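A quick write-up on the structure given underneath.
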Amino acid sequence: MILPPEASGIYRLYLKGICVYVGQSTEMGRRVKNHRRHKEFDEVRWKECLWRDLKSEEQSAIDLYQPALNKQRRAGCSLLTRPSGIRNFERCDEKMIVKKMRQTAKKERVA
């Protein structure tokens, strides 16, 4: 997998051809490497842009692709808190979402 450069821009993570996450960073390569620990994906696409345009570019991509792992559906948002006593809340939630996406895709192929 080719990783994006250490430049500012937006990136999209794909799993089996479906966009599952859109993000922004001033260091895309480093940020995508961090996502490898918590998100399941097999392809990365990116677009370099000026830092002042990151939020609007990210929001446009979120609106267009409606990725399942962008929980807040707003650019620049993340879930910074998790329920007390649950260590891997975000990871578990994402795995369930990916599982449901696969089940839906399988049903659509059968129909």
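Please treat every number below as a calculation from the coordinates, not as lab data. For clarity, every value in this text was computed on a predicted model and none was experimentally measured. Using ideal geometry, Cβ is built from the backbone for each residue, glycine included, and neighbour counts are taken over all protein chains shown.
Quick rundown of the values:
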{"quantity": "The range 8-50 - residue that is part of a loop (DSSP other than H, G, I, E, B) and touching a Leu at 6+ places or on another chain (Cβ under 7 Å) and, of those, nearest to Tyr65 (Cα to Cα)", "calculated": "Phe41"}
{"quantity": "Selection count, the range 45-63, where residues are under 17 Å from Ile2 (Cβ atoms) and either of a type in the set (Phe, Trp, Tyr) or crowded, with 19+ Cβ neighbours inside 10 Å (or both)", "calculated": "1"}
